[in-house]
Amino acid sequence: FLAFVFLVLLPVNGDVSYSIPEEMKRGSVIGNIAKDLGLDLGRLSARKARIDTEDNSVKYCSVNLNTGELIVQERIDREGLCAKKASCVVKQELVLENPLELHRINIRVQDINDNSPQFKEESLKIEIQESADKGASFLLDEAHDGDIGENAVQSYSLQQNDHFKLNVKSKGSGRKYGELVLDKELDREDKKEVELLLTAFDGGSPQRSGTVVIHVTVLDANDNVPVFTETVYKASLPENSPLDTVVLTVSATDADEGVNGEVTYGFDHVSDENQVFSLNPKTGEVKVAGAIDYEKESSYEMQISAKDGLGLASYASVVIEIIDINDNAPVISLKSLTNPIPENVSPGTEVGIINVQDRDSENNRQVRCSIQQNVPFKLVPSIKNYYSLVSTGQLDREVVSDYNITISATDEGSPPLSSSKSVQLSVADINDNPPVFEEQSYSAYVSENNKPGSTLCSVSARDPDWRQNGTVIYSLLSGEVNGAPVSSYVSVNGDTGVIHAVRSFDYEQFRSFKVQVMARDNGSPPLSSNVTVSVFISDVNDNSPQILYPAPEGNSFMTELVPKAAHGGSLVSKVIAVDADSGQNAWLSYHIVKSTDPGLFSIGVHSGEIRTQRDISESDSMKQNLIVSVRDNGQPSLSATCSMYLLISDNLAEVPELKDISYDEKNSKLTSYLIIALVSVSTFFLTFIIIILGVRFCRRRKPRLLFDGAVAIPSAYLPPNYADVDGTGTLRSTYNYDAYLTTGSRTSDFKFVTSYNDNTLPADQTLRKSPSDFVDAFGDLHFFQIRSPLGQLLSFNYPFYKTSLSVTTASLCLPVFSVELQIVFVTLSMVLNPVVSLVIYCEEQVTPRLLLLFYKDLSNFLDYS
């Protein structure tokens with residue numbers, strides 16, 4: 001078949017035409033369309049090259065994307081496509097995308113001799129009057145051949161006989177038919193019937209033929225043939241006319257009478273028209289018998305015969321023109337669609353190709369195409385009836401994830417017809433949204449001493465993106481809390497955002513801290529956001545009160561000396577305690593749980609000050625033992641106890657118990673060394689001080705101050721995390737008192753006055769009265785300090801008037817001295833100054849001791865505070 005393929009290139013509109021024989025096998029090559037159109041063979045697949053039709057009818061061919069060849073895809077039957085038309089052209093379209101191109105392909109189908117001639121009936125019956133003259137002709141039914149041209153009926157042959165010969169003639173349309181010519185008169189008495197064999201031949205190669213038997217009956221003479229009123233009958237008919245609609249009526253008359261004058265009408269040859277129209281053989285009415293569709297056939301031409309009773313016939317043509325009406329709505333076809341479309345596509349991106357067709361003609365096929373206004377897309381006219389669907393704005397999947405685009409098409413007919421098509425378009429997600437926390441910041445509250453692993457709080461972030469772009473993972477940002485990594489304090493569940501405590505928290509170490517939590521999605525690249533989580537630790541009453549003074553340890557010898565002349569309400573001593581907790585958990589209250597004489601002493605519930613409830617009498621026991629309980633205000637309440645030893649006496653001589661105080665034997669050797677060193681140093685100063693004091697006593701005598709002392713608790717003793725809460729009963733870091741004794745009496749009254757300061761002093765300061773504070777009141781005052789070889793700070797004040805002494809921190813990194821050694825130090829120092837304040841601190845025990853205050857007066861008043 002390839003030998004019959006002819007290529008015709010048309011120079012206009014990029015069209016290409018091919019000429020092929022009908023009935024080519026499927027897969028046969030028509031031509032190389034890529035080469036003929038100058039297309040890039042390598043891009044045919046990328047440009048989605050394909051064969052399409054204008055009216056979505058049968059696609060008779062296809063394109064081989066690898067070779068660019070146009071091949072036969074469906075059976076091509078010229079007779080079925082074009083019937084008797086001289087030219088049969090199959091129109092196909094080559095569509096390419098990116099960019100959109102359309103090339104029309106005209107395939108001219110050449111006829112081949114694949115049909116044999118056929119007669120309408122298997123036998124022809126002719127009745128001839130015996131009176132017929134020689135040379136009379138009798139019209140024979142023509143043979144029908146589906147082929148055209150040379151392949152159609154070209155000749156007829158009549159079987160050899162004695163009476164007839166055949167005369168072949170042509171009609172105006174080129175069709176050939178035969179006439180039976182009487183060559184020898186008939187003799188009915190000789191032969192009533194004659195059978196002849198008529199053969200029709202076409203001009204194809206190889207030649208095909210068809211036969212029919214002619215039965216000739218010899219009759220009496222019938223000398224008139226029917227005559228039509230018109231040679232050609234014409235009519236117009238709207239398409240879609242209902243069945244049995246009368247299109248026209250043909251009429252023929254016969255001058256004969258009787259049977260010879262009865263006319264019968266019929267279609268002349270085999271065709272498809274009898275399926276669309278019917279002919280009444282008696283009346284000659286032509287009626288609609290099938291569907292009339294202008295789009296299938298715009299006109300019909302038929303041959304009608306009129307025969308009398310004896311077989312004489314005449315012929316006429318009927319031409320029916322079909323009038324088009326607007327009965328076809330536009331057809332919308334989606335040729336290409338990019339689905340889904342990324343949400344970050346730029347405006348003007350082509351996402352689909354639409355084709356709109358209307359099978360009607362003229363104005364009825366003019367189409368307007370539109371799209372609804374509420375979508376970010378529009379239709380842009382392209383080639384012929386093609387439209388491009390392009391985006392007009394920025395897409396956001398989080399706002400609209402799917403679009404239902406309705407495309408409408410309306411023709412110009414009257415009334416206009418329209419159709420619509422819905423296109424579902426999905427928007428593909430792009431990771432363009434970071435996770436967003438539901439709150440600007442989070443706060444978590446947890447009690448101290450919590451269990452590791454307990455839940456503190458939960459953070460939550462939302463990401464409107466889809467699937468992995470919207471999957472949120474939580475993590476902690478690196479940081480430090482009190483010098484330690486934040487991960488050693490808290491952890492976060494990466495999936496749920498629940499924050500857990502890694503360790504147990506202590507309110508006394510820190511009260512709050514902040515962590516940064518990051519929420520990150522799984523997109524590419526990932527997006528993230530941070531939020532601050534503040535963790536607040538609430539206090540729990542987990543610390544018992546700690547008593548600073550007197551020391552609760554058994555190694556301390558805490559004794560207070562109470563003058564016998566003390567009146568009711570006199571301040572005897574003070575219990576000093578602190579609580580590491582805060583708030584009401586650190587509110588301390590003081591209670592005497594046991595005492596030698598319950599009615600003699602009382603303690604301030606909130607201050608801890610021990611005072612006499614009444615005047616001391618001679619009947620009171622010299623030794624008073626108080627057990628003091630300090631309780632906080634927490635739930636449950638915690639407490640601590642201490643013992644306070646009070647001696648009711650005016651001088652040391654009345655206290656024999658001092659002789660029984662023991663000390664460790666291991667310090668005896670060290671004591672000897674210290675005594676020798678101290679005696680050597682003291683002897684050096686003895687003469688000098690006696691001379692100076694003698695001169696001063698001679699020049700000016702003034703009343704002697706027997707006692708003036710102050711006690712302060714150094715700030716260095718306070719534990720590092722203790723809170724100093726004013727008004728809670730806890731003693732301030734520095735607490736000073738002045739003590740006075742009258743002169744000239746061994747049993748002088750002991751007067752207690754208020755402290756130097758009512759307000760809290762800074763922790764690193766100690767209340768101190770410098771010598772200049774007393775110059776105006778007491779004249780020239782000398783003050784100096786000497787540090788002994790053992791590290792004691794010896795303070796000397798003279799003349800012997802009002803003297804203010806304060807406890808001053810002195811560094812002595814030695815073991816705790818025994819009481820005997822302390823007494824020796826004081827005894828040796830006693831000769832150096834009438835009023836000597838000696839303070840010893842041992843940092844190992846962290847317990848301040850005011851050892852002894854000795855006076856030159858023979859009363860030797862002893863006070864521990």
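The values are calculated or read from the model by the stated rules, or taken from the named source; none is laboratory data. Computed from a predicted model, the values in this text were never measured in an experiment. Every residue, glycine as well, gets a Cβ built from its backbone with ideal geometry; the counts of neighbours run over all protein chains shown. Note: accessible area is taken over every heavy atom of the protein model, side chains too, but ligands, DNA and RNA are not part of it. Shrake-Rupley method; radii C 1.70, N 1.55, O 1.52, S 1.80 Å.
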Being out of contact with any strand residue (DSSP E or B) (no Cβ under 9 Å at 6 or more places or on another chain), farther than 25 Å from LYS296 by Cα, without any contact (Cβ under 8 Å) to a residue 40 or more places away in the chain and not aliphatic (A, V, I, L, M): is that true of GLN394 here?
no
Those residues of region 393-420 which are surrounded by fewer than 15 Cβ atoms within 10 Å (Cβ to Cβ), of a type outside the set (Ser, Thr, Tyr) and more than 36 Å from the chain's Cα centre (by Cα) amount to PRO415
Scan region 293-312 and give yes if some residue there is at positive phi, assigned to a loop (DSSP other than H, G, I, E, B) and modelled with pLDDT under 90, otherwise no.
yes
Strands (runs of 3 or more DSSP E) lying entirely in region 422-518 (those with 3 or more residues that are open to solvent by 50 Å² or more (accessible area, probe 1.4 Å))
441-447
Could you check region 215-247 and list, in sequence order, the residues that are of a type in the set (A, V, I, L, M, F, W, C), over 15 Å from GLU321 (Cβ atoms) and either at pLDDT 90 or above or out of contact with any strand residue (DSSP E or B) (no Cβ under 8 Å at 6 or more places or on another chain) (or both)?
VAL227, PHE228, LEU243, VAL246
I need the full set of residues from region 523-550 which are surrounded by 16 or more Cβ atoms within 10 Å (Cβ to Cβ) and in a loop (DSSP other than H, G, I, E, B), in order please.
GLY523, LEU527, ASP539, VAL540, ASN541, ASP542, ASN543, SER544, PRO545, PRO550
Starting from residues that are surrounded by fewer than 18 Cβ atoms within 10 Å (Cβ to Cβ) and of a type in the set (A, V, I, L, M), keep the ones in region 618-636 and report whichever is farthest from SER602 (Cα to Cα).
MET622
Based on this model, can you work out whether ILE33 counts as under 26 Å from LEU334 (Cα atoms) and of a type in the set (Val, Ile, Thr)?
yes
Against the condition surrounded by fewer than 16 Cβ atoms within 10 Å (Cβ to Cβ) and either polar (S, T, N, Q) or modelled with pLDDT of 85 or more (or both), how does ARG43 come out, does it pass?
yes
Restricting to region 599-617, and then to whatever is among the polar types (S, T, N, Q) and more than 20 Å from ALA640 (Cβ to Cβ), can you tell me which residue is most open to solvent (accessible area, probe 1.4 Å)?
GLN613
Could you tell me whether ILE383 is buried (at least 20 other Cβ atoms within 10 Å of the Cβ) and touching a residue at least 40 places away in the same chain (Cβ under 8 Å)?
no
Assuming GLU189 fulfils every condition listed in (1) touching a strand residue (DSSP E or B) at 6+ places or on another chain (Cβ under 8 Å); (2) in a loop (DSSP other than H, G, I, E, B); (3) more than 22 Å from VAL263 (Cα to Cα); (4) charged (D, E, K, R) apart from one, which condition is it?
(1)
Tell me yes or no: at least one residue of region 571-592 is open to solvent by less than 20 Å² (accessible area, probe 1.4 Å), aromatic (Phe, Trp, Tyr) and in a strand (DSSP E or B).
yes
Considering only region 113-155, how many residues are over 22 Å from GLY80 (Cα atoms), polar (S, T, N, Q) and open to solvent by less than 30 Å² (accessible area, probe 1.4 Å)?
1
Out of the residues in region 85-100 that are surrounded by 17 or more Cβ atoms within 10 Å (Cβ to Cβ) and out of contact with any helix residue (DSSP H, G or I) (no Cβ under 7 Å at 6 or more places or on another chain), state the one that is farthest from GLY42 (Cα to Cα).
GLN92
Do we find that ASP360 is of a type in the set (Asp, Glu), open to solvent by 40 Å² or more (accessible area, probe 1.4 Å) and part of a loop (DSSP other than H, G, I, E, B) in this structure?
no
Being free of Cβ contacts under 8 Å to residues at least 40 places away in the same chain and among the hydrophobic types (A, V, I, L, M, F, W, C) is the filter; apply it to region 278-334 and report the residue that is most open to solvent (accessible area, probe 1.4 Å).
LEU279
Are any residues in region 640-653 open to solvent by less than 60 Å² (accessible area, probe 1.4 Å) and among the hydroxyl-bearing types (Ser, Thr, Tyr), and if so, which ones?
SER643, SER649
All but one of (1) closer than 30 Å to ASN151 by Cβ; (2) open to solvent by less than 50 Å² (accessible area, probe 1.4 Å); (3) modelled with pLDDT of 85 or more hold for GLN110; which doesn't?
(2)
Return the pairs, sorted by first residue and then second, in which the second residue is in a strand (DSSP E or B) and open to solvent by 30 Å² or more (accessible area, probe 1.4 Å), the first residue lies in region 504-530 and is over 30 Å from ASN431 (Cβ atoms), the beta carbons are less than 8 Å apart, and the residues are 6+ apart or on different chains.
TYR507/SER538; ARG511/PHE536; SER512/PHE536
